[in-house]
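Take a look at the structure set out below.
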Amino acid sequence: MTGRRGKYETRLDPGVWAYIDAVNAWYPPEIIGLPIDKQREIYDRMCRAFHQGRPSGVKASDGLIAASGHGVPIRHYQLAGKAGRAMVLYFHGGGFILGGLDGHDDICAELCAGTGFDVVSVDYRLAPEHVHPAAFDDALIAFEWAAAASGLPLVLCGESAGGNLAAAVAQAARRRAAIGQVLIYPGLGGDESKGSYVEHAEAPLLSLSDIAFYRDVRSAKRQSPDDPTFSPLRDSDFSGLPPTVIFTAECDPLSSDGETYRDRIVSAGGRAWWYEEPRLVHSFLRARNTVPTAAEAFARIIAAVAALGRGEWPY
């Protein structure tokens with residue numbers, strides 16, 4: 001993660017810089033050179049520092065989805081005394097090597113409170129102990145469990161690495177139970193020779209070299225870059241996908257992936273909408289309580305999830 005301001009000195013608002021500086025104080029750019037277990041320890045500490053608590057009325061319970069050879073841990077959020085009209089299946093970010101149920105606990109709780117829907121957060125297996133397709137397999141197992149067990153309309157939702165998993169699951173299970181998907185600054189395996197990959201190769205909090213590092217750690221020895229469960233944009237068929245809404249950050253090398261994914265779905269006859277949040281950076285969800293533009297972006301995300309869960313197209 002780069003900490004250099006460069007052309008972003010005046011491009012980003014002071015409040016966004018305060019957020020970036022706070023992240024870098026907890027999780028400095030040079031940490032990417034440390035052993036993975038040390039990175040996780042520091043990342044988890046940062047997540048605890050940013051945790052906002054759960055809104056009143058939201059209850060959470062932990063469970064385990066049985067799988068062949070292992071279980072997939074989940075956390076189920078519900079509004080006390082209220083039956084949800086839909087279920088959101090949430091996949092957290094962290095470059096496929098970091099994070100778990102606690103790291104995005106408050107975000108999931110606020111998503112539950114904001115939509116009134118049940119939210120299930122998935123603790124998929126992480127690399128390098130479990131390289132691809134372990135995380136995808138767990139995500140698909142969670143989807144199949146949710147589709148069979150809940151009986152509720154199902155919205156897929158994921159941010160960063162989790163957006164990759166949500167999209168990969170939507171494509172693997174197309175024309176099945178999902179009623180919609182909402183992707184938040186997802187990494188979908190787009191063309192790194194153009195667009196935001198070039199314009200924002202050295203963006204704060206996520207650089208092109210960071211993306212390459214996470215991809216390499218996640219990859220099996222003979223990982224094909226054309227595997228759509230690894231890089232959803234490498235798929236050859238984008239038909240039959242649920243209505244899709246993608247939010248990206250302007251100052252993020254991954255932003256072009258959202259635009260490209262929208263275009264592929266629309267070209268295949270589907271319904272998709274992409275919005276690039278101006279003057280924001282990767283991971284802006286953690287800034288939602290301190291940066292007004294991030295708060296507005298989170299409100300848009302909640303509104304999109306709520307509309308899709310009701311079977312409505314928000315745009």
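The values are calculated or read from the model by the stated rules, or taken from the named source; none is laboratory data. Nothing here was measured: the structure is a model prediction, and the numbers come from that model. FYI the Cβ positions are ideal-geometry reconstructions off the backbone, even for glycines, and counts take in every protein chain you see.
Mind checking whether some residue in the range 206-224 is part of a loop (DSSP other than H, G, I, E, B) and crowded, with 24+ Cβ neighbours inside 10 Å?
So the first thing to find is which residues in the range 206-224 are part of a loop (DSSP other than H, G, I, E, B), and the list is 206-207, 219-224.
Pick out the ones that are also crowded, with 24+ Cβ neighbours inside 10 Å and you get 206.
Taking every residue of the range 206-224 in turn, at least one turns out to be part of a loop (DSSP other than H, G, I, E, B) and crowded, with 24+ Cβ neighbours inside 10 Å.
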Checklist outcome for this item: Tyr43 meets each of (1) over 30 Å from Trp145 (Cα atoms); (2) part of a helix (DSSP H, G or I) with one exception, condition (1)
Checklist outcome for this item: Checked the range 179-204 for anything buried (at least 24 other Cβ atoms within 10 Å of the Cβ) and either among the polar types (S, T, N, Q) or not in a loop (DSSP other than H, G, I, E, B) (or both); matches are Gly180, Gln181, Val182, Leu183, Ile184, Ser196, Pro204
Item to check | Matching residues, the range 261-306, being out of contact with any helix residue (DSSP H, G or I) (no Cβ under 9 Å at 6 or more places or on another chain), free of Cβ contacts under 8 Å to residues at least 24 places away in the same chain and among the aliphatic types (A, V, I, L, M) | outcome: Val266
Next on the checklist: Can you tell me which condition Val72 does not meet? The list is (1) touching an Asp or Glu at 6+ places or on another chain (Cβ under 6 Å); (2) modelled with pLDDT under 95, and all the others hold.
Outcome noted: (2)
Next on the checklist: I need the full set of residues from the range 84-93 which are surrounded by fewer than 23 Cβ atoms within 10 Å (Cβ to Cβ) and either over 19 Å from Leu152 (Cβ atoms) or among the charged types (D, E, K, R) (or both), in order please.
Outcome noted: Arg85
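Within the range 17-31, track down each residue that is of a type in the set (Val, Ile, Thr) and under 20 Å from the mean Cα position of the chain (by Cα). It would help to see each step written out before you state the result.
Here is the first cut: in the range 17-31, the ones of a type in the set (Val, Ile, Thr) are 20, 23, 31.
If the condition is that a residue be of a type in the set (Val, Ile, Thr) and under 20 Å from the mean Cα position of the chain (by Cα), then Ile20, Val23 are the ones that fit.
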Next on the checklist: Take the residues in the range 242-257 that are closer than 16 Å to Leu308 by Cβ and not hydrophobic (A, V, I, L, M, F, W, C); name whichever of them is surrounded by the most Cβ atoms within 10 Å (Cβ to Cβ).
Outcome noted: Thr244
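If you take the residues in the range 96-148 that are aromatic (Phe, Trp, Tyr) and outside any helix (DSSP H, G or I), which one is nearest to the chain's Cα centre (by Cα)? Can you show your working first?
To start, the set of residues in the range 96-148 that are aromatic (Phe, Trp, Tyr) comprises 96, 117, 124, 136, 143, 145.
Going one step further and asking which of them are outside any helix (DSSP H, G or I), we end up with 96, 117, 124.
Working: Phe96: 11, Phe117: 18, Tyr124: 13 Å.
By that ranking, first place goes to Phe96.
When you check Ala67 against the structure, is it in contact with a His (Cβ under 7 Å, 6 or more places away or on another chain) and of a type in the set (A, V, I, L, M, F, W, C), yes or no?
Here the answer is no, as Ala67 does not meet what is asked.
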Checklist entry - Which of the residues belonging to the range 214-225 are under 21 Å from the mean Cα position of the chain (by Cα) and at pLDDT below 95? => result Pro225
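Give the range 151-178 a look and list any residue that's out of contact with any Pro (no Cβ under 7 Å at 6 or more places or on another chain) and not in a loop (DSSP other than H, G, I, E, B), or say none. Outline the logic, then answer.
In the first step, residues of the range 151-178 are kept if they are out of contact with any Pro (no Cβ under 7 Å at 6 or more places or on another chain); the result is 151-157, 159, 161-162, 165-166, 169, 172-177.
Answer for the range 151-178, where residues must be out of contact with any Pro (no Cβ under 7 Å at 6 or more places or on another chain) and not in a loop (DSSP other than H, G, I, E, B): Leu154, Val155, Leu156, Cys157, Glu159, Ala161, Gly162, Leu165, Ala166, Val169, Ala172.
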Checklist entry - When you look at Ala49, is it outside any helix (DSSP H, G or I), of a type outside the set (Asp, Glu), more than 20 Å from Ser207 (Cβ to Cβ) and out of contact with any strand residue (DSSP E or B) (no Cβ under 7 Å at 6 or more places or on another chain), yes or no? => result no
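Filter the range 143-159 for residues that are among the acidic types (Asp, Glu) and buried (at least 24 other Cβ atoms within 10 Å of the Cβ) and give the result. Break it down into steps so the answer makes sense when it comes.
Within the range 143-159, the first condition is being among the acidic types (Asp, Glu), and the residues that meet it are 144, 159.
Scanning the range 143-159 gives a single hit, Glu159.
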